[in-house]
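The values are calculated or read from the model by the stated rules, or taken from the named source; none is laboratory data. Keep in mind that what you see is a predicted model, and the values were worked out from it rather than measured. So basically every Cβ, Gly included, is an ideal-geometry build from the backbone, and we count neighbours across all protein chains shown.
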């Protein structure tokens, strides 16, 4: 009876451990595909829960708690761990059993954490993870002695080998049969003296129960002598980045073309099935321009995002990310950013959405927020079609100083302004928004290198793809709908001679804001095109084509370019480029900012500050260029 | 002897090997000293632990990578200055 009720309720186990202890790999090994990643309600901390069946046929509900060095929580992630361990988080019952996962190759910190956990009174066991690597290095651990000294069951585990979790599973069985009732003991954050005493005790345990040969991991030592070399390390980092960019832009292209083509074909198919007039015409426009173009416009970035995350996951699992943060810390620190902000900002060159999602590697909330706020300033690939159109139409194809192409130089300049303004703005935010709060010191463990496991990378990639698709399917799609509505409703009357967009709300808005846009050199056509361009920046090109009544076709870019060069002054064109460096012209990014910061306010803040920057930059550009005679 | 006691990890060069004598966090614009001390302890910097400077960054030799017993930890020199050490030969 007792056993039956235990089976029905399920036995809940939580994994807790230091960062880099191999906890997530162990979680993957125990649960396999039976896991879900979502967010804890109200915060953006990832909540990973899975189920497994023990050899004794018990159902176990396993939670992977965020990694922590101590229960003394310093980040939102660590606060979640503390609250669940102490049973203080509402809606999350205290786990029946806590498994403290410790890196067998580096036991000091894991043992200190287990001593700290022991004082909370939760049923606890210690799992010495990566025991295979420890044995390979000649580290000998006396399990019985350790268990006796700690007064806890101690098992070993290997996440990457079949059967490596057998001892842990057997322990789940025997612990769930026992299910001791433990009173929760009051807990207070330990002060320095207590922490020191715990660490001393942990070091004593290491001294009596562990024999460590006095040498570092040979692979790590050899690789680090190159990878962390002051000059060589930067060269390696640049090479890794170059490869990553190459992959993101070159490998993704065929798949992106395929997705783009498929959605266009689907749009044409839907278009051919429905008439252009009447309310069916409205439905046709909704399906074709709103739904299909909207989803396609976001999904087209999925290949780039997957390749990007593949690199990030491989580098993270290998142990390189901490090194990249080490190398970049000084440069990023000058702008008030954490060394770890480097990769998210880099990702934003492809698309700000995965960049913002990648900021989860930054523990400190303020550091993370500063990175999120400036990520959209990095030149994403959706700006490229706009830049190439304007540059080809207005910048003469000539050489500067005999060998540098002027068009390429302008393109490079646009990228450079994006990077510099991102660094500059983060500096400003640190000074203005968080002046009184201390910046987090850079303190980071550099883990030994480990070969990434296919299963762990695959699970990570799948979770990120799902998160992106869920967003594309909900918030982003909803935004696209609103923008379609503004650009397509009301419909043109019978026998209308003007382009359909001139009868829409977008036209009313575009013409209404024209007086505001005049000082920056924009005409009403640009004002109108900016609204559908909110869906995705490159859509502005198509929208300009529509307002200038150019037949949409695959090679309309050149045609549109020549039309624009007849209708815009050079000053307007330059102001348009300056506008696009900064403009918050991407509803999807704003939606992701809202989601990742958990606040509508920060999304509006981003929208506002980028809009101000865009207006100011376009104003200065237009006025200066006009003054110099380009008006 | 007293000369040795004043040595701290913040000014140590790569190749330096030593033993931690104590922590002396000073208010340095970053964290408050008590918090810095706790964080250093949580990473394993306690009296008696053996340290070695493995690497340093390109600009101003900052940050530094420290071998601490069985782990490798990256710190900025400003925080490392709180770690008092005696050199070992």
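What the table shows:
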quantity	calculated
Residue A:484 out of contact with any helix residue (DSSP H, G or I) (no Cβ under 9 Å at 6 or more places or on another chain) and either surrounded by fewer than 17 Cβ atoms within 10 Å (Cβ to Cβ) or in a helix (DSSP H, G or I) (or both)	no
Residues that are more than 9 Å from chain B (Cβ to nearest Cβ) and at pLDDT 90 or above, drawn from region A:211-226	A:222, A:223, A:226
From the options A:116, A:78, residue that is out of contact with any helix residue (DSSP H, G or I) (no Cβ under 7 Å at 6 or more places or on another chain) and within 14 Å of another protein chain (Cβ to nearest Cβ)	A:78
Listing of helices (runs of 4 or more DSSP H) fully contained in region A:297-391 that carry 3 or more residues being within 14 Å of another protein chain (Cβ to nearest Cβ) and modelled with pLDDT of 80 or more	A:320-334
Residues (part of a helix (DSSP H, G or I) and either in contact (Cβ under 8 Å) with a residue 40 or more places away in the chain or crowded, with 16+ Cβ neighbours inside 10 Å (or both)) located in region A:134-165	A:134, A:143, A:145, A:146, A:147, A:149, A:150
Odd one out for residue A:522 among (1) touching a residue at least 60 places away in the same chain (Cβ under 8 Å); (2) within 25 Å of residue A:352 (Cβ to Cβ); (3) assigned to a helix (DSSP H, G or I)	(3)
Index of the failed condition, residue A:236 passing every other in (1) buried (at least 16 other Cβ atoms within 10 Å of the Cβ); (2) within 30 Å of residue B:15 (Cβ to Cβ); (3) away from chain B (no Cβ under 14 Å)	(3)
Leading residue by the ranking (surrounded by the most Cβ atoms within 10 Å (Cβ to Cβ)) among those in region A:190-201 that are facing chain B (nearest Cβ under 9 Å) and in contact (Cβ under 8 Å) with a residue 24 or more places away in the chain	A:199
Selection status of residue A:339, touching a helix residue (DSSP H, G or I) at 6+ places or on another chain (Cβ under 9 Å), more than 17 Å from residue A:597 (Cα to Cα), surrounded by fewer than 23 Cβ atoms within 10 Å (Cβ to Cβ) and in contact (Cβ under 8 Å) with a residue 60 or more places away in the chain	no
Test: residue in region A:99-113 that is more than 14 Å from chain B (Cβ to nearest Cβ), over 28 Å from residue A:456 (Cα atoms) and either in contact with a strand residue (DSSP E or B) (Cβ under 9 Å, 6 or more places away or on another chain) or assigned to a loop (DSSP other than H, G, I, E, B) (or both)	no
Qualifying residue in region A:119-127 (condition: within 14 Å of another protein chain (Cβ to nearest Cβ) and under 27 Å from residue A:448 (Cβ atoms))	no
Qualifying position, being surrounded by 17 or more Cβ atoms within 10 Å (Cβ to Cβ), over 12 Å from residue A:373 (Cβ atoms) and modelled with pLDDT under 90, among A:588, A:618, A:575	A:588
Filter pass, residue B:44 being facing another protein chain (nearest Cβ under 9 Å), surrounded by 17 or more Cβ atoms within 10 Å (Cβ to Cβ) and not in a helix (DSSP H, G or I)	yes
Residue satisfying condition, being under 21 Å from residue A:253 (Cα atoms) and touching a residue at least 12 places away in the same chain (Cβ under 8 Å), within set A:333, A:281, A:355	A:355
Total residues in region B:55-83, condition more than 7 Å from every other protein chain (Cβ to nearest Cβ), farther than 19 Å from residue A:107 by Cβ, without any contact (Cβ under 8 Å) to a residue 60 or more places away in the chain and outside any loop (DSSP other than H, G, I, E, B)	1
